[in-house]
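Peer 1: Take a look at this one; I'll ask things after.
The values are calculated or read from the model by the stated rules, or taken from the named source; none is laboratory data. Quick caveat: nothing in here was measured; it's all calculated off a predicted structure. Using ideal geometry, Cβ is built from the backbone for each residue, glycine included, and neighbour counts are taken over all protein chains shown. To get the accessible areas, we keep the full protein, side chains included, count just its heavy atoms, and leave off ligands, DNA and RNA. Shrake-Rupley method; radii C 1.70, N 1.55, O 1.52, S 1.80 Å.
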Amino acid sequence: DEIVGSAKKEMGDIFSDNIYISLIDHIQFAISRYRKSVGLKNSLLWQIKKFYKKEFMIGMNALDIIHAQFGIQMDEHEASFIAMHFVNARQDGQGMKQTVEITEVIDDIFNIVTDYYQITLDETSFNYSRFITHLQYFAQRLLSNEQEQLASGDNFLYDQVKDKYERAFQCTQLINQYLELKHESAMSIDEKVYLTIHIQRVTSRNDMADS
């Protein structure tokens, strides 16, 4: 309850009540593991730290609370596992498997953008934050098959964006090819428009860090 309360102070009351059940179960198992000197590595540690900064900080704060209560010092891998529970609880408790899949989709798209532009994005910028937030909700819609709910079919705006942001649009087309091949799902016209605009903003000269 102390950990959840701390999280709500940081991000507001945006978590489903499932967080209590999943977190109690996880922490109990983690304490048992650490008492036996058994630690686990999270293969998504880097992605969690990069794409879910607030949830990761909640996980790190949770380690301090656990240490104060039980005298056990856990590492950042454990913080990332705890963070994933809060990511899951923020996304309507969709299930940890889908949370992992969403994170992997975000990572794949992020890598397509940075590889295509051969740049390092400025993680402190406002446009970077908006870009990652868009990817989070986009990946959630993709894996929940909810894209059609946003489809307005605005061909005029699509053509405008396609012509005005030609390079960003080509990057979006690469992302769409990836989605078709790996997830058997293509972006709607509206999704292409939104993503192209976000890519244009986050890769603009004033929004890039030194490579």
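Peer 1: Would you please state which residues of the range 18-62 a label at E123 would reach in this model, taking the label point 7 Å out along Cα→Cβ and a backbone N cut-off of under 18 Å?
Peer 2: So the set is 42-61.
Peer 1: What ³J(HN,Hα) values, in whole Hz, does the Karplus curve 6.51 cos²θ - 1.76 cosθ + 1.60 give for the range 134-144 when θ = phi - 60°, with x put for Gly and Pro?
Peer 2: My calculation for the range 134-144 gives 4, 4, 4, 6, 5, 5, 5, 5, 4, 6, 9 Hz in order.
Peer 1: Another question, if that's okay. Roughly speaking, to the nearest percent, how much of the range 31-137's 1.4 Å accessible area is carbon and sulfur?
Peer 2: That share works out to 52 percent.
Peer 1: Sticking with this one: Measure up K8/K41; K9/K49; K9/K192; K9/K162; K36/K97 against 31 Å on the Cα-Cα distance and list the ones that go over.
Peer 2: K9/K192; K9/K162
Peer 1: Let me ask another. Hey, what's the chain come to in accessible area per residue, 1.4 Å probe, Å²?
Peer 2: It amounts to 53 Å² per residue over the chain.
Peer 1: Give, in nm to one decimal, the length gained when the segment between D159 and K53 is fully stretched (0.36 nm per residue of separation minus the Cα-Cα distance).
Peer 2: Stretched fully, the D159-K53 segment lengthens by 34.7 nm.
Peer 1: How far, in degrees from 0 to 90, does helix 53-70 lean away from the longest principal axis of the Cα atoms of the chain, to the nearest 10?
Peer 2: 0 degrees
Peer 1: With everything on Cα atoms, drop me the angle between helix 189-202 and the longest principal axis of the chain, reported from 0 to 90° to the nearest 10.
Peer 2: With both axes taken from Cα atoms, the answer is about 70 degrees.
Peer 1: For an R0 of 45 angstrom, estimate the FRET efficiency from the Cβ-Cβ distance between D64 and E166 and round to the nearest 0.05. Before the final figure, lay out each step's value.
Peer 2: On the way: r = 49 Å, r/R0 = 1.09.
My answer for the efficiency is 0.40.
Peer 1: Another question, if that's okay. Test of understanding: what is the full-extension gain from W46 to D1, defined as 0.36 nm times their sequence separation minus their Cα-Cα distance?
Peer 2: Stretched fully, the W46-D1 segment lengthens by 13.5 nm.
Peer 1: Okay, moving on. So what J values fall out for the range 121-130 if you push phi through Karplus, 6.51 cos²θ - 1.76 cosθ + 1.60 with θ = phi - 60°, rounded to Hz, Gly and Pro as x?
Peer 2: These are the phi-based 3J(HN,Hα) values: 6, 7, 6, 8, 7, 5, 5, 5, 4, 5 Hz.
Peer 1: So how exposed is D159, as accessible area in Å² (1.4 Å probe, rounded to 10)?
Peer 2: Solvent-accessible area, nearest 10 Å²: 70 Å².
Peer 1: How much length would be gained if the chain were fully extended between N18 and E104, taking 0.36 nm per residue of separation minus their Cα-Cα distance, in nm to one decimal?
Peer 2: On the way: separation 86, 0.36 × 86 = 30.96 nm, distance 2.27 nm.
Taking 0.36 nm per residue and subtracting the Cα distance, the gain is 28.7 nm.
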